[in-house]
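Worksheet: the structure to be examined is printed underneath.
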Amino acid sequence: MSNGFDNNMMPDEIVRRGKRRTKAVGLEFEIFLLHIAGWIPSHSIRRFFYRLAGIKIGAGSTLHMGARFYNPANISIGKDTIIGEGVVLDGRGPLHIGDHVDFATEVMVYNSQHDIESPTFSAKTEPVVIKDYVFVGPRAIILPGVTIERGAIIAAGAVVTKNVEAYTVVGGVPAKEIGERKLKELNYRLGRAAWFR
C-alpha cells in the first residue's frame, strides 16, 4: 500500500507534500463541520458558523438549511440575499453573489472543474459573479467563468455555461435566452426568510 510519498524524494519535498496534505485534510474537516452546522434550524447560528469559516455575508442575507461549500473563504454574499435549501456554493475560486439575489432550492454554483483536454485531467478554476437582483430557479447549475448580470433570471433546471446579459431570462441545457425581464427599475427587498428552513 502506497503512502503517497516516493522513497526517492528529498526531505524538503516530503515536508512540502506533508504540509499540503495536512492543509487539505483540515479544509475537508472544516467543510464537514459546516455541513453539520447547515442543518441547525436557526439562521443566526448558521450565519455565525459560516462567517467564522470566512464566508462574507451581507446584512439581512440568509442561507437556508442544507447548504454545501467548497473552500468557504472565497465566497461573498451581498445584503438582502436569500439562498435556498440544499445549495452548493463552490469557493475553490472567487464566488461573488450580489445584493437582493434569490436562489431557489438546490441551485449549484461551480467555479472549478476538470480540464478534459489536460493530460493530467487537472482542475481549472475561474471566478463566478452573480450581480444584484438575479433570480436563480430550482436545480439550476452555474458553471465556472460565468458572470450573470443585474436582474437576470435563470429558469429552473438550466445549465448556465456562458455569461448572461442584464434582465435576460435564460433556460435549458445549455441555457439560452428565452425572454427578457420587462421591469428594469429594480429596488425591491426580499424580506425575512422562513424561520425553520
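Every number in this text was worked out from the coordinates using simple rules, so none of it is lab data. These figures come from a predicted structure and were not determined experimentally. Cβ placement follows ideal geometry from the backbone for every residue including glycine, while neighbour counts extend to all protein chains displayed.
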Seminar exercise, completed: Out of I142, A155, I55 - ranked by how far each Cα lies towards the positive end of the dipole of the stretch 11-180, with unit charges on the beta-carbon of charged residues - the top one is I55
Problem set entry | Compactness of the stretch 43-88, expressed as Rg and Dmax over alpha-carbon positions, Å | 9.4, 23
Exercise. Counting only residues 5 or more places away or on other chains, whose amide H sits under 5 Å from the amide H of T168 once H atoms are built in the peptide plane?
Worked result: A152, I153, R181
For this session: Mind pulling the angle between the C-alpha long axis of helix 43-52 and the longest principal axis of the chain? Nearest 10 degrees, somewhere in 0 to 90.
Result: 40 degrees
For this session: Treat every Asp and Glu Cβ in the stretch 151-194 as -1 and every Lys and Arg Cβ as +1, leave all other atoms uncharged, and give the resulting dipole magnitude about the Cα centre to the nearest 20 debye.
Result: 160 debye
For this session: Sum up the lysine pairs in the stretch 11-180 that clear both bars: alpha-carbon distance under 23 Å and a spacing of 8 or more or different chains.
Result: 10
Exercise. Radius of gyration and Dmax for the stretch 1-109's Cα atoms, expressed in Å?
Worked result: 17.1, 55
Exercise. Can you give the charge dipole size of the stretch 11-180 about its Cα centre, rounded to the nearest 20 debye, using +1 on the beta carbon of Lys and Arg and -1 on the beta carbon of Asp and Glu?
Worked result: 680 debye
Exercise. Expressed as a whole percent, how much of the Cα-Cα distance distribution for the stretch 119-197 exceeds 17 Å?
Worked result: 50 percent
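For the chain, give me the percentage of DSSP beta bridges that are antiparallel, rounded to the nearest 5 percent.
Antiparallel bridges: around 20 percent, rounded to the nearest 5.
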Exercise. In bins 5 Å wide, starting from 0, what share of all Cα pairs of the chain does each bin hold, as a percent?
Worked result: 2, 7, 14, 18, 17, 14, 10, 6, 5, 3, 2, 1, 0, 0
